[in-house]
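Bear in mind these aren't lab numbers, they're just calculated from the coordinates by the rules spelled out. As the structure is a computational prediction, the values presented were derived from the model and not from experiment. Glycine also receives a Cβ, built like all others from the backbone with ideal geometry; neighbour counts cover every protein chain displayed.
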């Protein structure tokens with residue numbers, strides 16, 4: 001605040017509101033602006049990360065459509081983490097995902113004998129996996145509402161699989177740990193790899 005002498009002995013008082021460069025208020029404002037800038041930067045990073053994730057998941061929905069030929073089936077023991085190619089080194093099968101939401105998967109073990117007895121037919125069910133229904137893709141997962149399956153216990157429920165692509169031609173589908181009927185309900189994680197089938 002400054003004063004100036006006017007005619008008649010009066011004093012005019014300058015009540016400037018702007019703080020000087022070294023004022024306490026100026027320092028508070030500078031600190032607040034810096035904090036706000038940091039928060040804004042973090043928000044921008046989170047928005048960018050969310051946008052990229054959403055774009056990736058949208059790509060999953062498009063990429064999964066098509067016919068896929070089986071490469072391998074591995075069961076990972078939930079307790080020991082040991083991995084076993086339960087259907088052999090060269091299993092057979094196809095997976096088909098249509099653009100309008102229909103899912104069909106069928107895998108069989110290599111060198112399966114033609115079953116001729118009741119026992120052999122029962123064994124044949126343990127050397128295959130097959131189910132179909134309507135599917136949706138959400139957050140890096142494909143979820144199928146099962147309408148028909150080799151294992152009747154799956155019918156009417158949902159099967160969830162995590163999906164991961166390698167380029168455009170290789171697809172890995174992994175189940176969460178689950179009791180599996182093909183290994184006497186032992187808890188395993190099923191890891192299936194597919195290659196896009198091209199004419």
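The packing ranking, built from the mean of other Cβ atoms within 10 Å per residue, places the peptides 126-132, 136-142 in the order 126-132, 136-142, highest first.
Rounded if a/c is under 1.5, else prolate if a/b beats b/c, else oblate: with a ≥ b ≥ c from the C-alpha gyration tensor eigenvalues square-rooted, which is region 66-196? Rounded. Our summary gives region 66-160 a relative contact order of 19 percent, counting only alpha carbon pairs under 8 angstrom and 6 or more residues apart. Sorting 150, 103 from the fewest to the most surrounding beta carbons within 10 angstrom yields 150, 103.
Label zone (residue 80, point 7 Å along Cα-to-C-beta; backbone nitrogen cut-off 20 Å) within region 154-186: 177-186.
Extension gain for the segment residue 155 to residue 187, taken as residue separation times 0.36 nm less the Cα-Cα distance, is 9.6 nm to one decimal.
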